[in-house]
1. Of the residues Phe46, Phe3, which is hydrophobic (A, V, I, L, M, F, W, C) and in a loop (DSSP other than H, G, I, E, B)?
2. Return a yes/no flag: does the range 55-75 have any residue that is touching a residue at least 60 places away in the same chain (Cβ under 8 Å), surrounded by 17 or more Cβ atoms within 10 Å (Cβ to Cβ), part of a strand (DSSP E or B) and of a type outside the set (Phe, Trp, Tyr).
3. Need the failing condition index for Lys124 against (1) crowded, with 21+ Cβ neighbours inside 10 Å; (2) in a helix (DSSP H, G or I), just the number.
4. What pairs can you find where one residue is in the range 188-208 and touching a residue at least 12 places away in the same chain (Cβ under 8 Å), the other is away from the ligand (no atom under 12 Å from the Cβ) and of a type in the set (S, T, N, Q), and their Cβ atoms are less than 8 Å apart, with a gap of 6+ or different chains?
5. Taking the range 1-33 as the region of interest, how many residues are under 27 Å from the mean Cα position of the chain (by Cα), over 18 Å from Phe188 (Cβ atoms) and of a type in the set (Asp, Glu)?
6. If a residue must be in contact (Cβ under 8 Å) with a residue 40 or more places away in the chain and not in a helix (DSSP H, G or I), how many such residues does the range 281-320 contain?
7. Can you tell me which of (1) under 30 Å from Leu254 (Cβ atoms); (2) within 11 Å of the ligand (Cβ to nearest atom); (3) not small (Gly, Ala, Ser) is the one Glu89 doesn't meet?
8. May I ask you to list the residues in the range 179-211 that are more than 13 Å from the ligand (Cβ to nearest atom), buried (at least 23 other Cβ atoms within 10 Å of the Cβ) and in a loop (DSSP other than H, G, I, E, B)?
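Just so you know, all these numbers are worked out from the coordinates, no wet-lab data involved. In this text, all values refer to a predicted model and were calculated from it rather than measured experimentally. Cβ sites come from the backbone with ideal geometry, for glycine too, and all protein chains shown count toward neighbours.
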Amino acid sequence: MQFIDLKKQYQMQKEAIDERIHRVLQHGQFIMGAEVKQFEDEFAAFCGTKHCISCANGTDALQIAFLAYGIGRDDAVFCPDITFIASVEPAVMLGAQPVFCDIQIDTYNICPQSLERQINAVIKEGRLQPKAVIAVDFLGNPANYQSLVEVCKKYNLILIEDFAQSSGASYHGDRCGAFGDIATTSFFPAKPLGAYGDGGAILTNDDSIADICQSLRVHGKGPEGKYNNVRIGMNSRLDTIQAAILLEKLKMFLAEIQLRQTVAGRYNQAFQDRLQIQHIESGCLSVYAQYALLAKDRQQRDKIIAALHSKNIPNMIYYPVPQHELPVFKDTCCYDETFKIASMYCDCTFSVPMHPYMEEAEQQLVIDTVREALQ
Ligand SMILES: *Cc1c(COP(=O)(O)O)cnc(C)c1O
């Protein structure tokens, strides 16, 4: 059994993908070939934003967004305590300070109340300028944008949507990628919309921010061209071959999102009376980048994991350690936040195989194994 079966997905689209790759090999425009712009246009339309600027990966996408808004030294950037470090790293790389916030007990996304407490703590201390909030749509489930937009307006903060795990998800009728001032995603192969290598994108409706991002991804090029640089930028482009693959995958994406609902629905049905399942707010659609369950405590979680191992069922923990406890952040100021929910989450969470092409029989084995371990 595969945790995420990329081989099966490739088999479904093999001819079309091979043909697309072959076309790139024929025309030879490996960097910024026509497929790149075509994919950017189609992905922007898909997400409902005006601009899409593709780049080399989701981490660079965030860094480019921070650079575009001039976020750096002495700025406080508010981040969820539960996420992948790539949500936090680019801000720190530019000299900003991360301020971690606890998560919601049901959706596992950043908690707007904890966020507001942390903003006030930073203001009261007076050392840092509250500057931006990173909203991560954790495991494919959209963050609470209604509350987050309100808080960001109230304190005049830039809202950045990290939708690396939630391409294709939606929140009250709008697709992820359309929230906040700017949004960034990743096309790492295992993400809901993945390439066959690294890739990322920045989405925005702001014309001038889009221009700056275009410049930043190619060494800060100026309007006069590549060798008339106007700022210090990066070298961060999406390969033409990856864009070609993504164009093909985008055609299948809506059908895959539907299949993800079917698989997740079967898991929900089987587990909701025994374990905590992730809450999806009504009017929202998760793409279940991962299917996570919460056991009642660490002991029960470890017992379930041992049972899965004994049957060779792949499983993962997203994530075992909250950001504020990572060695790299051990000296980072947490103000008075105790991260009670984030800590509980890390003790109890585990993820089981989840992908659009999972067969019912495979799923039943996972379900039976977990349920048996709970007896
Ligand atoms: C994967 C991921 C990223 C980084 O994406 P890369 O393409 O691997 O750089 C950023 N944020 C979150 C939440 C992610 O899951």
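1. Phe3
2. The answer is yes, given that some residue of the range 55-75 is touching a residue at least 60 places away in the same chain (Cβ under 8 Å), surrounded by 17 or more Cβ atoms within 10 Å (Cβ to Cβ), part of a strand (DSSP E or B) and of a type outside the set (Phe, Trp, Tyr).
3. In the conditions (1) crowded, with 21+ Cβ neighbours inside 10 Å; (2) in a helix (DSSP H, G or I), Lys124 misses (1) alone.
4. These pairs meet every condition: Leu203/Thr49; Thr204/Thr49; Asn205/Thr49.
5. 0
6. So the count comes out to 24.
7. Here Glu89 meets the rest and fails (1).
8. The answer is Phe179, Gly180.
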